[in-house]
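Colleague: Got a structure for you, written out below as structure tokens; questions coming shortly.
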Amino acid sequence: MNFYVMTLFPEMIESGMHTSITGRAMAKGLLSLTTVNIRDFSTRGDGRIDDYPYGGGAGMVMQAEPVYRAYEHVVNCIGHRPRLVYLTPQGSVFHQQMAKEFAREEDLVFLCGHYEGIDERVLDEIATDYVSIGDYVLTGGELPSMVMMDAIARMVPGVLSNQESGETETFSGNLLEYPQYSRPELWHDSAVPPVLLSGHHGNVDRWRRDQALYRTLKNRPDLLPGVELDKKDRKFLRELADTAPEPYSVVEEEKEFLRKLLAKHDKA
Ligand code: 6GU
């Protein structure tokens, strides 16, 4: 996977991406990163790439021509017109399935905006995808591009040492992950759940599945309708809806939500 990032802050991208797992993957030759400084393609003597917005209003706009020239430079490097992601809060919200799909591309270009945005005309010509990373506003597209590249990179074969972990973690199967514990058995008066020390793999698996279901109910109930529930899952959720035995704590609103969910399952 070859990443290209068009940005005003290439050093921010370079230092972030050469760290940790993405850095190791680049050293292994599984990923490459090319940053292109849009400022190097300024059409003015002073190196500026922004100007006032037509129609007035606050802030500055990145001009079409420097962005277009930076893009032509990238196209010449790659040899064809690639998929180009423009990072913008106006885009579709990024999710795991998109990461998996982008991971199948050979080349992927990211365009990071700043100020109040980029002249719409150049976006119309070069952007193939408009992506946001969530409902909050950041100062530029650099962090979002790194978020996307990190999520995409770990879906590229060979990037994760244990290839399995790319599949079974959170958001595969729409369930949040179960909690993890390591030594010591007792820490700050808090004990590791005894089932994990029992050596009974069946009970451990069941407990972890229950924890995953419980966490998803508490933190991301919107994901639960997308989870495939088997007989044992439904039995556990039924218990939560009825009595919610210790140590589980389920409020009435959550119980009502579970009853409706289980009723839909009974019908299907
Ligand atoms: Cl892609 N860009 C900016 N500037 N802010 C964001 C975003 C993108 N996604 C969420 N907030």
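Colleague: Enumerate the pairs (first residue in the stretch 187-200 and assigned by TED's automatic domain parsing to the domain that holds PRO247; second residue anywhere and assigned to a strand (DSSP E or B) and exposed (fewer than 12 other Cβ atoms within 10 Å of the Cβ)) with beta-carbon separation below 8 Å, excluding pairs fewer than 6 apart on the same chain, so at least 6 apart or on different chains.
Modeller: Sorted first by the residue in the stretch 187-200, then by its partner, the pairs are VAL192/LEU186.
Colleague: Any residue in the stretch 226-237 that is surrounded by 14 or more Cβ atoms within 10 Å (Cβ to Cβ) and over 30 Å from ARG259 (Cα atoms)? Lay out the reasoning, then the answer.
Modeller: Taking the stretch 226-237 and keeping what is surrounded by 14 or more Cβ atoms within 10 Å (Cβ to Cβ), we get 227, 229, 233-234, 236-237.
Next, only the ones that are over 30 Å from ARG259 (Cα atoms) stay: none.
The answer is no, given that none of the residues of the stretch 226-237 is surrounded by 14 or more Cβ atoms within 10 Å (Cβ to Cβ) and over 30 Å from ARG259 (Cα atoms).
Colleague: Are there any pairs, at least 6 apart or on different chains, whose C-beta atoms fall under 8 Å, with the first in the stretch 120-138 and under 15 Å from MET148 (Cα atoms) and the second within 12 Å of the ligand (Cβ to nearest atom) and assigned to a loop (DSSP other than H, G, I, E, B), and if so, which?
Modeller: VAL131/PHE94; SER132/PHE94; ILE133/PHE94; GLY134/PHE94
Colleague: Identify, please: which residue in the stretch 79-97 is over 18 Å from THR22 (Cβ atoms) and of a type in the set (A, V, I, L, M, F, W, C) and is, among those, surrounded by the most Cβ atoms within 10 Å (Cβ to Cβ)? Before you say what the answer is, go through the steps one by one.
Modeller: Keep residues of the stretch 79-97 that are over 18 Å from THR22 (Cβ atoms), which gives 79-84, 86, 88-93, 95, 97.
Then drop every residue that is not of a type in the set (A, V, I, L, M, F, W, C), which leaves 84, 93.
On the way: LEU84: 21, VAL93: 11.
My answer is LEU84.
Colleague: If the requirement is being without any contact (Cβ under 8 Å) to a residue 40 or more places away in the chain and hydrophobic (A, V, I, L, M, F, W, C), which of these qualifies: PHE3, PHE9, PHE41?
Modeller: PHE41
Colleague: Among the residues of the stretch 211-225, which ones are more than 11 Å from PRO179 (Cα to Cα) and charged (D, E, K, R)?
Modeller: Result: LYS218, ARG220, ASP222.
Colleague: Of the residues MET98, MET148, MET155, which is within 14 Å of the ligand (Cβ to nearest atom), under 21 Å from the mean Cα position of the chain (by Cα) and farther than 30 Å from PRO53 by Cβ?
Modeller: Values: MET148 fails: farther than 30 Å from PRO53 by Cβ; MET155 fails: within 14 Å of the ligand (Cβ to nearest atom).
Only one candidate qualifies: MET98.
Colleague: Looking at the structure I just gave you, is VAL36 within 16 Å of the ligand (Cβ to nearest atom) and in contact with a Pro (Cβ under 9 Å, 6 or more places away or on another chain)?
Modeller: Working: within 16 Å of the ligand (Cβ to nearest atom): no; in contact with a Pro (Cβ under 9 Å, 6 or more places away or on another chain): yes.
In short, no.
Colleague: Answer with yes or no whether PHE236 is at pLDDT below 95 and aromatic (Phe, Trp, Tyr). Explain how you work it out, then say what you get.
Modeller: Details: at pLDDT below 95: no; aromatic (Phe, Trp, Tyr): yes.
Against the criterion (at pLDDT below 95 and aromatic (Phe, Trp, Tyr)), PHE236 does not qualify.
Colleague: What residue, among those in the stretch 121-141 that are over 21 Å from PRO82 (Cβ atoms) and not small (Gly, Ala, Ser), is nearest to the ligand (Cβ to nearest atom)? Don't jump to the end; show me each part of the working.
Modeller: Going residue by residue through the stretch 121-141, those that are over 21 Å from PRO82 (Cβ atoms) are 134-140.
Okay, now just the ones that are also not small (Gly, Ala, Ser), so 135-139.
Values: ASP135: 7, TYR136: 5, VAL137: 5, LEU138: 4, THR139: 6 Å.
Taking the candidates together, the pick is LEU138.
The values are calculated or read from the model by the stated rules, or taken from the named source; none is laboratory data. Every value quoted in this text rests on a predicted model; they were computed, and no experiment measured them. Methodologically, a virtual Cβ is constructed for each residue, glycine included, from the backbone with ideal geometry; neighbour enumeration extends over all protein chains shown.
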